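Just below is one structure, and these are the notes that go with it.
What follows is calculated from the coordinates using simple rules that are stated; it is not laboratory data. Bear in mind that the values here come from a model prediction, so they are computed numbers and not experimental data. Heads up, the Cβs are rebuilt from the backbone with ideal geometry, glycines too, and the neighbour counts pull from every protein chain shown.
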Amino acid sequence: MSDPVPPNPPARTESLLEFEQKRELFRKKLRWWHLFVPASGDDVRAYRDLFAFVRPYRRKLLLSIALAAVSALFLGAEIAVLQEGLATIFDTPTLTDAVTGAPVPGVARPKPKREPSWFDGVRAGAREKVLGWTGIERPRREESPAPETVAPAPPPPPEWSPEEKAFRHRLLWLLAGLLVGAIAFASLAKYGHAVLMTGVSRRIVRDVRAHLFRHLMSLSVRFHQRNHSAQLVSRITNDLEIFGRFLTEAMVRFLQDLLEFLAMLAFIAVNQGSFIFVVAGVIAAAIAPVNAIGRRLRRGDTQSQAGMGEVATVISEAIVGQRVVKAFVGEEREYGRFRQVARKHMKKQMRVRRLRSMTEPIVMIIGGMGIAAIVVVGGYAVLDARLDAPSLVVNIAALARAMGGLRGMSKQLNDFQMGLTAADRVGVVLKVKSDVLEKPDAPPLPRFDREIRFDGVHFRHEPEKPTLHGIDLAIRKGERVALVGPSGAGKTTFVDLVPRFFDVDAGRITIDGHDVRDVTLRSLREQIGIVSQETVLFRDSIRDNIAYGRPGATKEEIVAAAKAANAHEFIRRKPKGYRTRVGERGLQLSGGERQRIAIARALLRDPPILILDEATSALDSHSEALVQAALKRLMVGRTVILIAHRLSTVRGADRIVALDDGRIVESGTHDELMALPRGLYRRLHDLQVGGAEPTAEANGAG
């Protein structure tokens, strides 16, 4: 029986949340037999993909597992040492004595009813070897033969000679030393296992997080547009931390509980093989309910972790939009929105906690029934003289310990489900392929020398929403081309296609005859400088932000770029000059200062192609004048594609291209386009110059 085929990784038109909703619908179709396995094939694939990161640490992992096995072995040896030691010291009839018929002073018992097994001889021989190894000699004494029937009254306690007491005292100290030694070795092995496993797991999480971050950086602009940054941050932090806790805590405890459980089972099987059938029944009875709860936990954990992403989204939007929140007195509204999503998240968490709390009581009840069954079966065996009472007590103790291990494993299986959810959410991101891929053998793009050409370019952001239709345009080297048009005409999309933020759906874009899809992304984007309306600065110094495009630039080059961008004077007035940190998103600087830093960054890179996307639209008159002067210096000797909603800034362009509904409707100089009485450019110009009320048509964004 195989699982149904899971859905493919998310298509470019759907977000990660939409894809995961499809996955949940898929999982509801899993067959009934999945109640008896901890995970489906699709679940295992999610873990398998992440466990590829285990390979560099496999030796440490194997050593950790070996130490866990040693710990379990010594823990199992404790019970065996205790049983045999006490039986030897106090002359308690053991199973070996019952089988071999060896007489014990002062104890009357019936003849045994079962044949001796090979292990009875092994135990008797081991006991004598231990005594021989320690040099403790048993004093010789005469013993009367045991009667064949049970005495009507308990026999008086045996009276031992001083030599016999001394012998038993030495055995007590030997037993105590062996127990302490076994516990010490088990504890040291358990400590070594935990330390090694924790180190391996944290390194794995670090490697996965680094790989995930690098993968996110490689994904296209389209992917980041469709998935909120807070959701992605939640996956790289919260989900990976949950996965790390599973590796660090749950897996460590699960291995320890499993090996201890197996050690106790081995002890029970060797001592009283018939009891193992009772244990097998307990295990079989526990599997179905534990897995059923685990399945529901899986769905609950998925919803809970998605809810954590929603909480992070609300927090992120409220913090980023603080100016708007305060301007519109929206603090209480944002607080209410946060309380609402936090309440939903809490309800999902409580559902998960209730399910998680059900597992241990169920296993305890089933385990208690198993212990009760062994008490009844073993009690009959003792009454029928097929088993001695001390062996029954020791077997019950071993079973209770085994049930403790089983209970611990059931709890770790719940954590396993939570880890599966986290691994799946991370794995989904890792499986997403960028829709802007570089060919394996792509050559670098030579230095731009002639023209940029659009040949029959078609593009759509959504299948049902075309953005550009059959764009044909050639931009010569050194030419300044301005794009104008109403909002949504496709201007920003037009310039985003040049550096391959998106790939065209049909047609092609070439630079000096080289299709941009055939060259390396690095060589293409290194030749393009972008200054946009929304300036992005990093929480670093002014110097580092200017040098972002050329990390190896000298101080003199950075200062020269800042001077050319009209930024040197205001930087010099800062308390720490070029070492001044700009704060998150550069908010410690004014809009004009941020824009001039962005221009200095583009100047330092010295690209032959320059894209200006609404570079001055959000500035006051004084700042705009400074930025315009800096832009004039920046545009000298470069090929420029300019978008501006203030048409006064495009007058000096060599050519103005008017876009409407994704099509080029006009092209020419300012005077040529103004000569068209019903032309789009003239209408837009008259709306602005004539002082008409601003409309969406007059807005140059799009």
For this session: Please name which of Val531, Pro575, Ser541 has its Cα lying farthest along the dipole of segment 458-580 towards the positive end, using unit charges on Cβ (Lys, Arg +1; Asp, Glu -1) and the Cα centre as origin.
Result: Pro575
For this session: Order by neighbour count: Ile268, Ile65, fewest other Cβ atoms within 10 Å first, most last.
Result: Ile65, Ile268
Problem set entry | Inter-label distance, nm, simple model (7 Å from Cα along the C-beta direction), Gln349/Glu556 | 5.8 nm
Seminar exercise, completed: FRET efficiency (Arg646, Ser667; Cβ distance; R0 22 Å; to 0.05) is 0.65
Seminar exercise, completed: Expected unfolding gain across Met369-Arg339 under the 0.36 nm per residue rule, minus the alpha-carbon gap, is 6.3 nm
Exercise. For the residue pair Lys326 and Tyr191, what label-to-label distance in nm results when each label sits 7 Å from Cα along the Cα-to-beta-carbon direction?
Worked result: 5.4 nm
Exercise. Of Ala422, Ser410, Leu445, which is farthest along the charge dipole of segment 384-447 in the positive direction, counting Lys and Arg as +1 and Asp and Glu as -1 at C-beta?
Worked result: Leu445
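About its Cα centre, what dipole magnitude does segment 309-430 give when the only charges are +1 on Lys and Arg Cβ and -1 on Asp and Glu Cβ, stated in debye to the nearest 20? Intermediate values should be presented prior to the final figure.
Details: 18 positive and 10 negative charges, 122 e Å.
My answer is approximately 580 debye.
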Exercise. Given Lys439/Lys465; Lys555/Lys632; Lys60/Lys431; Lys60/Lys190; Lys411/Lys431; Lys344/Lys431, which pairs have Cα atoms separated by over 26 Å?
Worked result: Lys439/Lys465; Lys60/Lys431; Lys411/Lys431; Lys344/Lys431
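What FRET efficiency, computed as 1/(1 + (r/R0)^6) with R0 = 25 Å and r the Cβ-Cβ distance, is obtained for Asp654 and Lys563, rounded to the nearest 0.05?
Working: r = 27 Å, r/R0 = 1.09.
Once the sixth-power term is evaluated, E becomes 0.35.
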Exercise. Which distance in Å, rounded to a whole number, links the C-alpha centroids of segment 590-608 and segment 62-77?
Worked result: 62 Å
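Per 0.36 nm of contour for each residue apart, how much would the distance between Met674 and Ala506 grow if the chain were fully extended, relative to their Cα-Cα spacing? Write down the numbers at each step before the final one.
Working: separation 168, 0.36 × 168 = 60.48 nm, distance 3.25 nm.
Taking Met674 through Ala506 to full extension adds about 57.2 nm, to one decimal.
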Exercise. From the square roots a ≥ b ≥ c of the eigenvalues of the alpha-carbon gyration tensor of segment 463-524, which class results: rounded (a/c under 1.5), prolate (a/b over b/c), or oblate?
Worked result: oblate
Exercise. Shape call for segment 547-589 from the C-alpha gyration tensor, a ≥ b ≥ c root eigenvalues: rounded (a/c under 1.5), prolate (a/b greater than b/c) or oblate?
Worked result: oblate
